[in-house]
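The block underneath contains the structure these notes are about, expressed in structure tokens.
The values are calculated or read from the model by the stated rules, or taken from the named source; none is laboratory data. Keep in mind that this is a model prediction, so the values were computed, not measured. Here the Cβ is made from the backbone with ideal geometry for all residues, glycine too, and neighbour counts use every protein chain on show.
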Amino acid sequence: MSFTLNKSIIKEVCGETSYKRGEAYYKANKVIVNHYDETKEICEATVKGNEDFHVTVEKAKKGDVVARCSCPSLASFQTYCQHVAAVLIQINYNQQTGGMLPASSENMSGNDQLTSGMFQLFAEKPLRPKSKQHRFDTREILNVAFICSPVATKSGGALLGIQLKLAKTYFINHIREFLSKVEKREAFHCS
């Protein structure tokens, strides 16, 4: 991106607290650049935390940074969140080094990235404590279990079967439909 980023600019647009939290995400290799278009001056990234947050950063006409994040930030804050800060820090690093590869994948082959990502799915992740939830966030944390088991095929091979269990009682038979409803923020009825 042709606009210049540095630590003080990122702190100005994100605030000190968000900068420090974003720096922690960056140092933990939690920023994954999904799409970068230098001609359109736009960067789309995912910040891996307790949840995945999708961030878009672009240059406005006046040269300002314009960013959006999928996290439920409060409207009363005038600065960007820690996820935007993490992506801006990643962009700043890449401007200094001359590359736009995600920091987490610079030295990994495609198979290594896939393997690492697969193991990361099953890594223990702490649940966000209720005290850390935003005051006006009325969403309820949903306990989900993914049960993986090998399934023999007729040809003698094996596939990985996945079951989805909600709230310790409901097995989801139509996982695609369920995930589609979740993505669209629509109701899904369990029986």
Every pair of residues 6+ apart whose Cβ atoms lie under 8 Å, when the first sits in segment 162-173 and is in the same structural domain as Ile141 (by TED's automatic domain parsing) while the second is among the charged types (D, E, K, R) and at pLDDT 85 or above: Phe171/Lys165; Ile172/Lys165
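Identify, from the list His83, His54, the residue that is surrounded by 19 or more Cβ atoms within 10 Å (Cβ to Cβ), farther than 17 Å from Gln95 by Cβ and not hydrophobic (A, V, I, L, M, F, W, C).
Being surrounded by 19 or more Cβ atoms within 10 Å (Cβ to Cβ), farther than 17 Å from Gln95 by Cβ and not hydrophobic (A, V, I, L, M, F, W, C) holds for just one of His83, His54, which is His83.
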Flagged pairs (Cβ under 6 angstrom, 6 or more apart or on separate chains; first in segment 32-48, surrounded by 18 or more Cβ atoms within 10 Å (Cβ to Cβ); second of a type in the set (Phe, Trp, Tyr)) are Cys43/Tyr36; Val47/Tyr25; Val47/Phe53
Verdict on Glu16 being surrounded by fewer than 19 Cβ atoms within 10 Å (Cβ to Cβ) and either more than 21 Å from Thr97 (Cβ to Cβ) or outside the structural domain of Thr79 (by TED's automatic domain parsing) (or both): yes
